[in-house]
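Engineer: Let me give you the structure first, and then I'll get to my questions.
The values are calculated or read from the model by the stated rules, or taken from the named source; none is laboratory data. Keep in mind the model is a prediction, meaning the values are calculated, not measured. Note: ideal-geometry Cβ built from the backbone for every residue, glycine included; neighbour counts use all protein chains shown.
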Amino acid sequence: MKVSARNRFNGRVASIVPGAVNALVEVALAGGDRLVAVVTLDSIASLGLAEGGEVVALVKAPWVMLMAADEPLKLSARNQLRGVVRAVQSGPVNAEVSLQLPGGSLITALVTREAVAELGLTPGAEAVAVVKSSQVILGVPA
Amino acid sequence: MKVSARNRFNGRVASIVPGAVNALVEVALAGGDRLVAVVTLDSIASLGLAEGGEVVALVKAPWVMLMAADEPLKLSARNQLRGVVRAVQSGPVNAEVSLQLPGGSLITALVTREAVAELGLTPGAEAVAVVKSSQVILGVPA
Amino acid sequence: MKVSARNRFNGRVASIVPGAVNALVEVALAGGDRLVAVVTLDSIASLGLAEGGEVVALVKAPWVMLMAADEPLKLSARNQLRGVVRAVQSGPVNAEVSLQLPGGSLITALVTREAVAELGLTPGAEAVAVVKSSQVILGVPA
């Protein structure tokens, strides 16, 4: 699939909880990891999303925040995915950090180099990837 | 106008569809391109937005995703703007890519250099700029 | 606190205005600056947010837009925080710009170097940091 988003998760719709305007869609990724997205009811209809259906979840790396694994903080963000740092690619200001989740999925965050140092993000370290559900774009094969 | 957002679209309000809390505002850009924004009803009132009124739509480049033009994928994002690559400015990790839309508007995305290569984003190539409507900020002259 | 977000504001919940699905949470920062976040009612409950309670507001630097202080533009974004530029750290494409708010809090934005020049963002200059309330993540001690 050719999209610029570094995070493209293939999965199946695990559940859809409709609200008045939006719906909460839980996506079960291969390997058992889970991701929650909020999309409009219009999008549920136009994409034909239904439980069990194939879906792609897209998240750009600048939309992912990282948190140290031992940070005693409860967050409002729906997606808090604990994983192990697999790769760190540094530029002069920013760095791309990839975590591997327990089910095998990789999630990549764009953070500052300063954050990489502060959080001790070296390969093998544990960390938590945080993504607001409103930031996740869903897709289906056309 | 002096704002840091690389994308500043001048247009007119084409339609406002109010919900319980938010409203969907469709903006007609010069040249006929269209952009959809979700803002609160409070903002509709405080900005005095009404059909036909002048409005500016602001989108930061890191909030724009790019997709290959031939990608057979339907997305939940409301704004999917097909255009032609006009400029690519590369840094060590990221690149700014500008697409020209059919009506003439330019839209700029900040993506990784890796994505530029994968999607073949060279001047003249077609691509689709994807923006969630919740990511668009609207403004009016004070 | 170890999170990658450059903006971590300690404060207290000043008010909570519940809607059908989401609530608007106003956070009073030390020194009197204020920040508004939209989070789900579920998050209000699971974090145990209540007026007067301690809370952390998190915002990644790429989510912050800057506007010139004299720009005659009214925006739909809820958070428009006027401050004075304290630091500019430039990379080849982007720059991190920190503003100090009247109450003393610092807010950092990731913008392009081009924007730094256009807006005249040198130390001592005034500018406005713009953040959509839907982009703010709230946290409480676990």
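Engineer: B:Ser134 versus (1) of a type in the set (S, T, N, Q); (2) within 14 Å of chain A (Cβ to nearest Cβ); (3) surrounded by fewer than 20 Cβ atoms within 10 Å (Cβ to Cβ); (4) not in a strand (DSSP E or B): which is the lone unmet condition?
Structural biologist: (3)
Engineer: Right, next: Anything in the stretch C:65-109 that is outside any strand (DSSP E or B), in contact with a Leu (Cβ under 7 Å, 6 or more places away or on another chain) and within 14 Å of chain B (Cβ to nearest Cβ)? List them, or say none.
Structural biologist: Within the stretch C:65-109, just C:Ser76 meets the criteria.
Engineer: Of all residues in the stretch B:23-64, which are more than 10 Å from every other protein chain (Cβ to nearest Cβ) and part of a helix (DSSP H, G or I)?
Structural biologist: Those that are more than 10 Å from every other protein chain (Cβ to nearest Cβ) and part of a helix (DSSP H, G or I): B:Leu41, B:Ala45.
Engineer: Can I ask one more? Can you say whether B:Asn22 is in contact (Cβ under 8 Å) with a residue 12 or more places away in the chain, over 27 Å from C:Val36 (Cβ atoms) and touching a helix residue (DSSP H, G or I) at 6+ places or on another chain (Cβ under 8 Å), as far as the supplied structure shows?
Structural biologist: no
Engineer: May I ask you to say which residue of C:Val25, C:Val21 is within 26 Å of B:Leu138 (Cβ to Cβ), outside the structural domain of C:Glu126 (by TED's automatic domain parsing) and over 19 Å from the mean Cα position of the chain (by Cα)?
Structural biologist: None of the others qualify; the one that does is C:Val21.
Engineer: Looking at the stretch B:37-46, which of its residues are at pLDDT 95 or above and crowded, with 21+ Cβ neighbours inside 10 Å?
Structural biologist: Within the stretch B:37-46, B:Ala37 is the sole residue that qualifies.
Engineer: Taking the stated definitions as given, is A:Ala142 in contact with a Lys or Arg (Cβ under 8 Å, 6 or more places away or on another chain), farther than 22 Å from A:Pro18 by Cβ and surrounded by fewer than 16 Cβ atoms within 10 Å (Cβ to Cβ)?
Structural biologist: Yes; evaluated as a whole, the condition is true for this residue.
Engineer: Also, quick follow-up: Taking C:Val59 as the residue in question, decide whether it is in contact with a helix residue (DSSP H, G or I) (Cβ under 7 Å, 6 or more places away or on another chain) and surrounded by fewer than 22 Cβ atoms within 10 Å (Cβ to Cβ).
Structural biologist: No, not satisfied.
Engineer: Take B:Ala20 and decide whether it is assigned to a loop (DSSP other than H, G, I, E, B), within 14 Å of chain A (Cβ to nearest Cβ), over 30 Å from C:Val85 (Cα atoms) and at pLDDT 95 or above.
Structural biologist: It is false that B:Ala20 is assigned to a loop (DSSP other than H, G, I, E, B), within 14 Å of chain A (Cβ to nearest Cβ), over 30 Å from C:Val85 (Cα atoms) and at pLDDT 95 or above.
Engineer: Can you name every residue in the stretch B:43-59 that is out of contact with any strand residue (DSSP E or B) (no Cβ under 6 Å at 6 or more places or on another chain) and either free of Cβ contacts under 8 Å to residues at least 40 places away in the same chain or outside the structural domain of B:Asp33 (by TED's automatic domain parsing) (or both)?
Structural biologist: The answer is B:Ala45, B:Ser46, B:Ala50.
Matching residues to (1) within 16 Å of the chain's Cα centre (by Cα); (2) at pLDDT below 95; (3) surrounded by 22 or more Cβ atoms within 10 Å (Cβ to Cβ):
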| position | (1), (2), (3) |
| --- | --- |
| A:Glu51 | no, no, no |
| A:Val55 | yes, no, yes |
| A:Met67 | yes, no, yes |
| A:Gln80 | yes, no, no |
| A:Pro92 | no, yes, no |
| A:Gln100 | yes, no, no |
| A:Val130 | yes, no, yes |
| A:Leu138 | yes, no, yes |
